[in-house]
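Here is the structure we will look at.
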Amino acid sequence: MLTRRSDTSARFTRKDVPRVAIAAGILILAMTAVLGADILPEAPLDATVGQLATRDVVAPRAVDFVSESQTEAKRLAAMNEVPPQYTFTSENAIRIAADQQVAFKDRVSPIDTTFSADLSDEGRASLLETAIPDLTPTARDTLTGLDAARWAVVRLAARPAGPAPMITTRHSRPRPRMSRSAEDSSGTE
């Protein structure tokens, strides 16, 4: 009751227009200055090798680069992280056995040729010295000490086994008999 209310209502009049225009102009200029600061070009970066940069260095454009060496290194690392998987199929077994037989024939064909040729013992020994270059000296001495008959026995023992026939049989085992108490609890009599 001690305070009085004013009955004047706030209306927008002609006197308020210049004040609103000045306030809007100041606001527009302030916003333009704040937002336009990024448009202005920065001073060039003056840096030398080994010196820390005073600001971020930004590339003029985005570039994608694929490093072949790093890609291959990551590919090998990922491949090495995968545990070995064993999947047995008859086709794989037959293919592996055939590959082993071909590799064995390729490996021993110079020795077969040397033993099948009509050569003196010295000539055969000199050819056998160079027939398989990565033999150990002990294995090379053993090979040069063989004759044709003994080589045939060694070759037969060393050859890889051929693909074994895949026999699939169905085992029919008698079903285990149920005890009398199990039969009674299952509901069969």
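The values are calculated or read from the model by the stated rules, or taken from the named source; none is laboratory data. Note that the structure is predicted; figures quoted are calculated from it, not measured. With ideal geometry, Cβ positions are generated from the backbone for all residues, glycine too; neighbour counts draw on all protein chains shown.
Filter the stretch 127-153 down to residues that are surrounded by 10 or more Cβ atoms within 10 Å (Cβ to Cβ) and assigned to a loop (DSSP other than H, G, I, E, B), then give me how many there are. Residues that pass the stated criteria total 5.
Say whether the condition of being surrounded by 10 or more Cβ atoms within 10 Å (Cβ to Cβ), under 47 Å from the mean Cα position of the chain (by Cα) and touching a residue at least 40 places away in the same chain (Cβ under 8 Å) is met by at least one residue in the stretch 80-91. Yes, there is a match, as at least one residue in the stretch 80-91 is surrounded by 10 or more Cβ atoms within 10 Å (Cβ to Cβ), under 47 Å from the mean Cα position of the chain (by Cα) and touching a residue at least 40 places away in the same chain (Cβ under 8 Å). Taking the conditions exactly as written (basic (Lys, Arg), modelled with pLDDT of 85 or more, assigned to a loop (DSSP other than H, G, I, E, B) and out of contact with any Leu (no Cβ under 8 Å at 6 or more places or on another chain)), does residue 61 satisfy them or not? Criteria met by residue 61.
Per the listing 121, 112, 99, 106, the residue uniquely surrounded by fewer than 10 Cβ atoms within 10 Å (Cβ to Cβ) and modelled with pLDDT of 85 or more is 106. For the stretch 1-58, a tally of residues being in a loop (DSSP other than H, G, I, E, B) and either of a type outside the set (A, V, I, L, M, F, W, C) or at pLDDT 85 or above (or both) returns 24.
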